[in-house]
Amino acid sequence: MVRPFSEIPGLWKNGAANLYNFWKLDGFKNLHRIMLQNFNTFGPIYREKVGYYESVNIINPEDAAILFKAEGNYPKRLKVEAWTSYRDYRNRKYGVLLKNGEDWRSNRVILNKEVISPKVLGNFVPLLEEVGQDFVARVHKKIMRTGQNKWTTDLSQELFKYALESVSSVLYGERLGLMLDYIDPEAQHFINCITVMFKTTSPMLYIPPALLRKVGAKVWRDHVEAWDGIFNQADRCIHNIYRQLRLEAGTPKKYPGVLASLLMLDKLSIEDIKASITELMAGGVDTTSITLLWTLYELARHPNLQEELRAEVAAARAESQGDMLEMLKHIPLVKGALKETLRLHPVAVSLQRYITEDIIIQNYHIPAGTLVQLGLYAMGRDPKVFPRPEQYQPSRWLRTETHYFRSLGFGFGPRQCLGRRIAETEMQIFLIHMLENFRVEKERHAEVQSTFELILVPEKPIILTLKPL
Ligand code: HEM
Ligand code: 2DC
């Protein structure tokens with residue numbers, strides 16, 4: 001007998017009371033730990049209502065498969081109202097991140113060809129490789145300046161700049177110059193705005209932004225200011241390229257970047273292009289940089305593994321004679337390391353879909369229209385899904401045994417991360433260059449945990465030491 005929806009365990013009867021308890025547990029920062037705890041208390045499925053946020057939560061890969069089979073032709077995630085409210089408030093168009101239905105699909109199909117199809121990888125690699133080389137040169141310079149043949153630091157600001165430089169060079173086909181000593185203060189402001197934008201979003205998952213706006217809450221005002229900073233900087237970059245393109249009419253000799261390609265293709269309106277390019281630029285900073293920081297942290301904690309990866313990179317370099325596109329095909333363990341990082345330190349605490357048909361999960365009936373969340377952080381740490389989950393083991397991704405619905409860091413299906421190819425390539429190239437040039441070390445301190453600021457980030461600075469090889 002299939003059990004009814006109303007019998008799914010969990011706390012879903014009093015949203016306001018649950019919000020109060022959530023707030024007492026400092027839930028805005030601990031969402032990932034609270035989800036883990038809920039799975040421990042209720043089992044592999046639970047229903048929840050916190051504030052106005054209502055969902056069914058699952059953790060098993062087999063159940064994830066059922067969820068994604070019911071996502072329909074226009075897959076829809078949780079609506080992040082803070083983000084849509086800002087755009088409505090400032091009269092800006094939604095990009096692919098926030099669109100839904102046919103409007104989303106038609107934009108996404110065109111963007112896919114320019115951003116995530118295998119054919120564009122060859123265009124991105126030389127651009128990203130140049131940024132990787134500049135990063136290494138910059139670190140060498142920093143090491144020289146210390147006079148100690150090593151550099152001990154919190155790399156996060158450097159990684160933000162690396163990530164913004166990388167995504168911008170792909171989007172605009174031009175460098176911003178963030179690997180130089182003096183950087184454009186506007187670019188630094190953009191980076192700061194993204195962090196504030198994420199941070200101020202999380203309370204608004206549970207308290208409607210419309211309400212916060214009405215009472216003039218600080219969190220809403222800070223959020224608006226952050227998006228304003230993001231849009232202003234993106235507008236400047238976009239206008240720049242737009243102007244150049246009009247001056248230089250005719251087909252360019254070299255790859256001109258995603259934005260110019262979209263403008264020349266002339267299949268999306270300029271307003272649609274601007275909206276999605278802004279989202280890509282904003283989505284391309286904290287996500288990859290934090291994943292790289294966690295990866296360096298894990299490599300510092302596992303020196304033997306670090307040497308293994310270095311050997312793989314050296315062999316790949318020899319085999320491909322330095323052709324980067326070719327080299328990327330010979331680094332399975334580096335790729336495994338990135339998957340392993342996203343397993344233990346996912347950017348997204350959950351994946352969600354509003355299901356379009358009734359489904360049965362764990363023998364409970366779930367009606368169409370329900371918001372179902374896969375607890376990605378919880379799944380990555382579940383010993384039933386990943387044996388010895390606490391161990392960082394990139395080689396677990398090499399084994400031929402099934403990875404069925406286990407590698408979901410970028411989401412799944414047609415609505416998965418649009419920046420995935422850029423992110424993966426940028427991160428692989430970064431690791432190749434770092435492994436070829438430096439040894440990464442770390443003081444033996446207690447483990448660093450994650451904290452939820454809409455995306456999961458390290459709860460405290462990660463201090464690493466880089467030594468030239
Ligand atoms: C969506 C993860 C980097 C742009 C997503 C989603 C996840 C994700 C989980 C939701 C997917 C789903 O619902 O199935 C990540 C991770 C990254 C990363 C782990 C790096 C380690 C980037 C980068 C960009 C980007 C570099 C931009 C260049 C986007 C956009 C969407 C998205 C635009 C929305 C796509 C849509 O709704 O159609 N990302 N992301 N992401 N990401 Fe990323
Ligand atoms: C946050 O409960 C927790 O890739 C919520 O590059 C559910 C939720 C919904 C949407 C998720 C979000 C979480 C985490 C951050 C994600 C976002 C969709 C896209 C976004 C995963 C899991 C991200 C970081 C994008 C952001 C691009 C944007 C800032 C322009």
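Here, each number is a calculation from the coordinates, and none is a lab measurement. The structure presented is a predicted model; accordingly, all values stated were derived computationally and were not measured. Note that we place each Cβ from the backbone using ideal geometry, even for glycine, and neighbour counts take in every protein chain shown.
Figures for the structure shown
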{"quantity": "Axial C-alpha extent at least 27 Å, average Kyte-Doolittle at least 0.0 - helices from the chain (DSSP)", "calculated": "121-146"}
{"quantity": "Relative contact order for region 55-131, counting Cα pairs under 8 Å that sit 6 or more residues apart, in percent", "calculated": "21"}
{"quantity": "Estimated dipole of the chain in Debye, rounded to 20 [Cβ of Lys and Arg +1, of Asp and Glu -1, Cα centre]", "calculated": "500"}
{"quantity": "Inter-site label distance for residue 247 and residue 388 at 7 Å from Cα along Cβ, in nm", "calculated": "5.9"}
{"quantity": "Relative exposure of 58, 241, judged by other C-beta atoms within 10 Å (fewest first)", "calculated": "241, 58"}
{"quantity": "Reach of residue 329 by Cα under 16 Å, taken over aspartates and glutamates that are not fewer than 8 positions away in the same chain", "calculated": "129, 312, 319, 424, 426"}
{"quantity": "Per DSSP, loop chymotrypsin sites (Phe, Trp or Tyr not before Pro) in region 182-230 with at most 11 further Cβ within 10 Å", "calculated": "182"}
{"quantity": "When each of 339/384; 161/460; 79/199; 76/460; 76/218; 29/99 is checked by Cα-Cα distance, pairs over 23 Å", "calculated": "76/460; 76/218; 29/99"}
{"quantity": "Column: log10 I(q)/I(0), Debye, Cα scatterers of region 349-469, q = 0.09, 0.12, 0.15, 0.22 Å⁻¹", "calculated": "-0.39, -0.68, -1.04, -1.57"}
{"quantity": "Computed over the chain: relative contact order in percent, which uses C-alpha pairs under 8 Å that are six or more apart", "calculated": "27"}
{"quantity": "Candidate aspartates and glutamates - alpha carbon under 12 Å from residue 13, same-chain residues fewer than 8 apart omitted", "calculated": "48, 54"}
{"quantity": "Descending Cα extents along the principal axes, region 17-117, whole Å", "calculated": "44, 38, 20"}
{"quantity": "Principal semi-axes in Å for the chain [√(5λ), Cα gyration tensor, largest first]", "calculated": "35, 28, 22"}
{"quantity": "Debye log10 I(q)/I(0) at q = 0.09 Å⁻¹ for region 134-288, Cα point scatterers", "calculated": "-0.38"}
{"quantity": "Label-point separation, residue 311 to residue 211 (7 Å along Cα→Cβ), nm", "calculated": "5.8"}
{"quantity": "Added length on full extension, which subtracts the Cα-Cα distance from 0.36 nm per residue, residue 2 to residue 90", "calculated": "26.9 nm"}
{"quantity": "Region 313-469, relative contact order [Cα under 8 Å, separation at least 6], %", "calculated": "23"}
{"quantity": "Dipole of the chain [Lys/Arg +1, Asp/Glu -1 at C-beta], most positive-end residue of 431, 407, 131", "calculated": "407"}
{"quantity": "Cα-based equivalent ellipsoid, region 296-348: semi-axes from gyration tensor eigenvalues, Å", "calculated": "23, 14, 7"}
{"quantity": "Efficiency of FRET between residue 150 and residue 180 - r from beta-carbon atoms, R0 25 angstrom, step 0.05", "calculated": "0.65"}
{"quantity": "GluC sites (Glu not before Pro) restricted to region 378-469 and DSSP loop, no more than 16 other C-beta within 10 Å", "calculated": "390, 401, 443, 447, 459"}
{"quantity": "Low-density loop positions, trypsin sites (Lys or Arg not before Pro), region 55-86 - DSSP coil, at most 15 other Cβ in 10 Å", "calculated": "79"}
